[in-house]
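The values are calculated or read from the model by the stated rules, or taken from the named source; none is laboratory data. Since this is a predicted model, take the numbers as computed values, not measurements. Here the Cβ positions follow ideal geometry from the backbone for every residue, glycine too, while neighbour counts run over all protein chains shown. Side chains are part of the model used for accessible areas, which takes the heavy atoms of the whole protein and leaves out ligands, DNA and RNA. Shrake-Rupley method; radii C 1.70, N 1.55, O 1.52, S 1.80 Å.
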Amino acid sequence: MTQTMWPPLTAESRPWTRWWWMGNALTEAEITRHLELFQAAGMGGVEVSPIYGPTGSESRFVAFLSPRWVELFAHTLSEAKRLSLGVDLIAGTGWPFGGPQVSAEDSARVIWVETLPVGTSESEKRPEAVPLARQGSTTLFIAPTKQQVKRAAPGGAGNVLDHFSAGAVRRYLQPFDTAFASLPDTLTPRCFFNDSWEVFGANATPNILSEFKRLRGYDLRDHLSHLNGEGDPKTVTRVRSDFRETIGDLTRDAFLQTFSSWAKTHGSKVRNQSHGSPGNLLDLYALADIPETEVFGPPRLRLGGMEALLPAPPDFGEEEEALVCRMASSAAHVAGRPLCSSESFTWLGDHAHVPLEHMKAEVDMLFALGINHLFFHGTPFSPADVEWPGWLFYASTHCAPTNTLWRDLPALNRYISACQSLLQEGIPDSDILLYFPYHDLLSGEMGTNHLLQFLAVHKTDTWLRGNLLPFTTAAHTLTKGGWAFDLVSDHQLAEMVTVTEDGALQARGGTRYRALVIAGCERMPPETLERIAALAEQGAVVLAQNDLPADVPGLSSLAERKARFQTARNTLKQTKNYSAGPDLSALLKQAGIERESLVDAGLEFVRRRSDTGFIYFVANPGTKDVSGWFPLAAQGASVVLMDAMTGAVGAGATKTDSDGRLQVYLDLPAGSSLLLRTQTSALPADAAQWQYGVPLTSGAVPLPTAWSVEFLEGGPSLPSPRRVSSLSDWTQWNTEADQDALKAFSGTARYTLNFDLPDSAGRETAWELDLGTVCHSARVRLNGNEIGSVIARPWRITTPAGTLKPEGNVLEIEVTNLMANRLADLERRKGDSWRPFLMVNIQYKGFDAAAWAPVRSGLIGPVTLTPLQMSISDMKDTE
């Protein structure tokens, strides 16, 4: 059963990393060395991201897209293929798209409206401003934003691209065609990548007026005063909504569709971060072959009882940030995209302060939100001859060989790979489509920039929090209530959703939904409401919290569109499959849509449908252990439990409740996770059973408190070996000889303990080894045998029966701390001379590692050893 339950690992089921090519200062030998290190650490691929280089290393730099750069990239593709690694390439350098090929005519533009007194001109204040249109004394101006590519690599500096012009986008991409013409057809990146939208201030293209008329059906020049906020407030709202929608349409069609079509000419796909853009994020994510989200900040850690190590990053909002992530996965699910990726660990903590435990907590959160293809952010290229800590990138969790966490990173990578191998299997399984009221957002007040709003993942307070979009309350209700759901857009409802014979809503990718929910929506296009009414007439269940929207957005053909809207509204209300009411939970219950009661215990989940049943990922992010019987909304005849951290597999204890629902017994310590496979048929009688560990009444075996400690590797120097009478933070050990060395040390120490079992201990039993607190990861050997690695809560390892001897047991625990203490020591000794590259702290302020207090390090304990009864017999009758 073990072999058949875990799918074989692929490059895409393993985690990838963003690989910053600092100054493109690589050689073929260095490329090979790095790729082999990535493969050995358990990574599946890289995203090549050319970026600025360190001062003083200019002689090593290689110009982006130069013949030499193409040779290096070709070697990367060839070596990655040899090592079974994948390669993506950012279609540019730095961010956003731009560079020397972007002329002034193709550069990003900004428009604004001003009412000027007679005899004055905007050009007096801004000479580059050009009037596009006038309506009386109101003038529409356009000017270049003058934004330059941020953090450009050598040869990549230049203007930021006009993303709203398909012609400008095609001209921007032409140098890639020229550069890659020499590549063999067998060498091509899997994906071309576009980073998050940071096209600051841009809101137009030179032909914006003709594009507006084509898309919205009327002439904006007749409504410049309304665009400027003057006149009838309702008309102002409608005109501004139309302008914002036009920019969103151009983002989708002129930029992303053009980019995607171009990538296909090279035999590649597109991976795209849509957040931050001014369009409907669901539609933009869905256009990408692999939609990608990103996450910021530590709020999920706090929910899990963990604190980000000081200096802490800012709080970008827990629930809203999660909802933005769900937009990416929802788009993937509805559009039938098998993979949904994440730029992970960006600013999870300050430099050198992010432990594997915090990374694993973020991984679990992303999996529960439907993400199944993680990218580390990230790994800077650093030549072998550069002294520790090598070259660093200013904004990331440093996932590179010079970080001490690299030693135990393979354990995290194995965990991610095992989870993703299942989370990439089958198709998503959700019960509810939740309508995203995009036009309410377009019609709302958006601060000083009234022409558009950038929908950023780390600034959700400007568009997603509070009362800006009341539908967020419904989204949180569904999440907390345990209902599996995806968001859906107007376009997706029209083009990607149909009704099956049994009344299910079926998305393009095959996911079947039991209901469409409309909540907190005030405006909806008549075409969308007509489509929803048609779906309901075909048998789909439609639920409205409170009531249906009452108005249409926009100004064009207003009377006709309102009439169509009202007809569709009346039609929908008369269908038997439509229901409305103030209590969303009651509506769902009335519709017979089951929720997952796992959430009542603080657990999080995501669910997929496979050929043999259903797959659950279940995580316990809380501070308390959770155990008990849980009914599953996705039914089956049996359940196989799978531990991605250890690889353990076994048939779970199950029973049927009075309602005929399948229940499974789960035991999830705080911080842990499990994968569940429901099976449509019963398992064979001789199938391996899941080993629930139940502590025996005899309790923990007392262990000696004196440990031998030897420092194995790290720096700046190795502290001397010693014996300690009790476990504690090694930076606080009071030793005159090398106390400063202990405070500065980052690396690995081996803790060794010799012990005998008391005569009363049952030796032919399994044992739970609990390490208490570990700062910050550990490998464990018992009697010379590797028994596991621990990188996160719970800091426990279960050993099989017969592992311990009556006498002479040797426990060895190799503990690795963070690189922060060594980095702080380096800064105190050398000032900023060691960092010839841009560095800022977590608040984007001046970097000063010298001020850091020592981070707790080592085996803190207490270490306990408890005998277990490994059986499910007591579970089957437990209520």
(message) under 25 Å from Ala322 (Cβ atoms) and either open to solvent by 10 Å² or more (accessible area, probe 1.4 Å) or free of Cβ contacts under 8 Å to residues at least 24 places away in the same chain (or both): which single residue out of Asp547, Asp490 fits that description?
(response) Asp490
(message) Step by step: first the residues of the stretch 6-25, then only those that are of a type in the set (A, V, I, L, M, F, W, C) and crowded, with 21+ Cβ neighbours inside 10 Å, then the one that is nearest to Phe376 (Cα to Cα). Which residue is that?
(response) Trp16
(message) Under 7 Å between Cβ atoms, which residue pairs at least 6 apart in sequence (or on different chains) link something in the stretch 609-637 that is under 20 Å from Ser421 (Cα atoms) with a partner that is open to solvent by 40 Å² or more (accessible area, probe 1.4 Å) and of a type in the set (A, V, I, L, M)?
(response) Arg609/Ile427
(request) Out of the residues in the stretch 203-245 that are within 19 Å of Ser107 (Cα to Cα) and surrounded by 22 or more Cβ atoms within 10 Å (Cβ to Cβ), state the one that is farthest from the chain's Cα centre (by Cα). (result) Ile208
(request) Go through (1) touching a Pro at 6+ places or on another chain (Cβ under 9 Å); (2) open to solvent by less than 30 Å² (accessible area, probe 1.4 Å); (3) at negative phi and name the single condition Thr678 misses. (result) (1)
(request) Mind telling me which of the residues Asp547, Asp611 ends up being of a type in the set (Asp, Glu) and modelled with pLDDT under 95? (result) Asp611
(request) Would you tally the residues in the stretch 593-608 being at pLDDT 95 or above and out of contact with any strand residue (DSSP E or B) (no Cβ under 8 Å at 6 or more places or on another chain)? (result) 2
(request) Scan the stretch 494-527 for residues that are touching a residue at least 60 places away in the same chain (Cβ under 8 Å) and open to solvent by less than 10 Å² (accessible area, probe 1.4 Å) and report the count. (result) 11
(request) Take Tyr415 and decide whether it is out of contact with any Leu (no Cβ under 7 Å at 6 or more places or on another chain) and open to solvent by less than 10 Å² (accessible area, probe 1.4 Å). (result) yes
(request) Scan Gly581, Gly660 and give me the residue that is out of contact with any helix residue (DSSP H, G or I) (no Cβ under 8 Å at 6 or more places or on another chain) and either without any contact (Cβ under 8 Å) to a residue 40 or more places away in the chain or under 30 Å from Glu530 (Cα atoms) (or both). (result) Gly660
(request) Scan the stretch 709-738 for residues that are among the polar types (S, T, N, Q), surrounded by fewer than 15 Cβ atoms within 10 Å (Cβ to Cβ) and not in a loop (DSSP other than H, G, I, E, B) and report the count. (result) 1
(request) Hey, could you check the stretch 251-296 for residues that are among the polar types (S, T, N, Q) and in a strand (DSSP E or B) and say which is nearest to His226 (Cα to Cα)? (result) Gln273
(request) Give the stretch 133-161 a look and list any residue that's farther than 30 Å from Ala91 by Cβ and either modelled with pLDDT under 90 or open to solvent by 40 Å² or more (accessible area, probe 1.4 Å) (or both), or say none. (result) Arg134, Gln135, Gly136, Ser137
(request) May I ask you to say which residue of Ser59, Ser66, Ser49 is within 30 Å of Trp16 (Cβ to Cβ) and open to solvent by 10 Å² or more (accessible area, probe 1.4 Å)? (result) Ser66
(message) Would you confirm whether or not the stretch 79-87 contains a residue that is without any contact (Cβ under 8 Å) to a residue 12 or more places away in the chain and closer than 30 Å to Leu409 by Cα?
(response) yes
(message) Please verify whether Glu114 is open to solvent by 10 Å² or more (accessible area, probe 1.4 Å), in contact (Cβ under 8 Å) with a residue 40 or more places away in the chain, charged (D, E, K, R) and not in a helix (DSSP H, G or I), treating the condition exactly as stated.
(response) yes
(request) Return yes or no: is Thr178 assigned to a loop (DSSP other than H, G, I, E, B), farther than 30 Å from Ile142 by Cβ and among the polar types (S, T, N, Q)? (result) no
(message) Contact list please: Cβ distance under 8 Å, first residue in the stretch 385-407 and among the charged types (D, E, K, R), second residue open to solvent by less than 10 Å² (accessible area, probe 1.4 Å), pairs at least six apart or on different chains.
(response) Arg407/Thr748; Arg407/Ser777; Arg407/Thr816
